[in-house]
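Shown next, in structure tokens, is the structure this report addresses.
The values are calculated or read from the model by the stated rules, or taken from the named source; none is laboratory data. Remember, it's a predicted structure, so these values are computed and weren't measured experimentally. Please note: Cβ atoms are built from the backbone with ideal geometry, for glycine as well, and neighbour counts cover all protein chains shown.
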Amino acid sequence: MNGLPKVYAAHSVSVPVLGQGTWNMGDNPALRQEEIASLQYGIDYGLSVIDTAEMYGNGASERLVGEAIAGRRDKVFLVTKVLPSNASKEDVAQSCRKSLKRLGVDYVDLYLLHWAGRVPISETVEAFVKLCDEGLIKAWGVSNFDVAEMQTLEDLHTMPSCFANQVLYSLDHRGIEYDLLAYNRQKEVITMAYSPLGQGGRMLHNPVLQQVAARHITTEGQATPAQIALAWVLRQPDVLAIPKAGTLKHMTSNILSLEISLTERDMLDLDKAFAPPKKKWPLAML
């Protein structure tokens with residue numbers, strides 16, 4: 001558990017490079033107990049970062065997470081997000097308290113703005129800093145921010161500064177490699193990679209990805225394309241991946257990706273199949 005690779009932020013805080021996402025979890029009552037068991041298995045293994053949002057199921061995901069972490073709060077680095085429509089100074093405070101109630105906790109470790117909206121970012125950050133002062137959040141960050149928006153944050157010279165930027169990053173969405181990934185790293189901002197396994201499973205059917213998987217073995221057998229895709233994201237320094245795992249099978253598969261070290265040949269083959277950006281791309285979002 002203590003041997004899990006870590007990623008560090010400017011705040012002298014370290015978290016495991018592999019976390020747990022919860023998008024679309026908590027929506028189906030028939031899956032609830034299995035989803036809770038999966039989250040708890042991950043926590044007990046050492047995957048302390050759990051990411052949720054007030055938007056997910058209109059709070060259903062936060063309530064599920066709250067049930068899963070009951071009795072385990074001291075093992076969890078808890079992340080949730082506020083919608084841009086709730087990003088004014090007054091609404092941020094209200095949304096945060098509602099999230100805390102749904103989660104059944106006194107504070108969250110990291111509070112993110114889900115994406116940039118109409119409210120001036122300076123107003124939202126001011127609200128975040130006040131929540132830090134009140135002890136309701138330990139750190140703040142953003143999601144779906146590109147370089148220009150991150151530079152706007154830097155110009156605010158706020159303390160505490162931005163802890164993390166959560167963005168879409170996977171083999172089939174590599175645009176952040178052009179400049180954002182390096183910018184975050186330079187500013188000691190953790191890049192949180194959401195949907196690192198792609199959407200809908202299409203990416204995982206790529207024949208090159210399957211060929212690379214055939215070259216690797218984990219302690220539980222033949223590696224899968226999903227494990228290769230996750231290992232590819234995790235190879236980046238200062239990146240924290242938060243794949244969803246609603247079942248114990250998927251959670252175990254994600255954990256096994258930590259055993260995989262991609263070779264130079266693997267990387268070259270994957271670059272040919274999923275080309276890195278040669279110019280600036282618009283920031284991809286889901």
Tally the residues that are under 22 Å from L240 (Cα atoms) and not acidic (D, E), restricting the search to segment 67-95. 13
Being assigned to a helix (DSSP H, G or I), within 25 Å of V65 (Cα to Cα) and within 20 Å of the chain's Cα centre (by Cα) is the requirement here; does C132 meet it? no
List the number of the failed condition for G200; all other conditions in (1) over 17 Å from L270 (Cβ atoms); (2) of a type in the set (G, A, S); (3) over 20 Å from the mean Cα position of the chain (by Cα) hold. (3)
Would you please list the contacts, defined by Cβ atoms under 9 Å and residues six or more apart or on different chains, that run from a residue in segment 214-233 that is among the β-branched types (V, I, T) to a residue that is crowded, with 19+ Cβ neighbours inside 10 Å and assigned to a strand (DSSP E or B)? V233/S170; V233/A193; V233/V239; V233/A241
If I filter segment 77-119 down to residues being among the aromatic types (F, W, Y) and assigned to a strand (DSSP E or B), which single residue comes out as surrounded by the fewest Cβ atoms within 10 Å (Cβ to Cβ)? F77
Given L100, L156, L83, L131, which one is farther than 30 Å from K272 by Cα and at pLDDT below 95? L156
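Condition check ((1) outside any loop (DSSP other than H, G, I, E, B); (2) loosely packed, with under 13 Cβ neighbours inside 10 Å; (3) touching a helix residue (DSSP H, G or I) at 6+ places or on another chain (Cβ under 8 Å)) across all residues:
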residue: Y183; (1), (2), (3): yes, no, yes
residue: M192; (1), (2), (3): yes, no, no
residue: I228; (1), (2), (3): yes, no, yes
residue: V233; (1), (2), (3): yes, no, no
residue: H250; (1), (2), (3): yes, no, yes
residue: I255; (1), (2), (3): yes, no, yes
residue: P282; (1), (2), (3): no, yes, yes
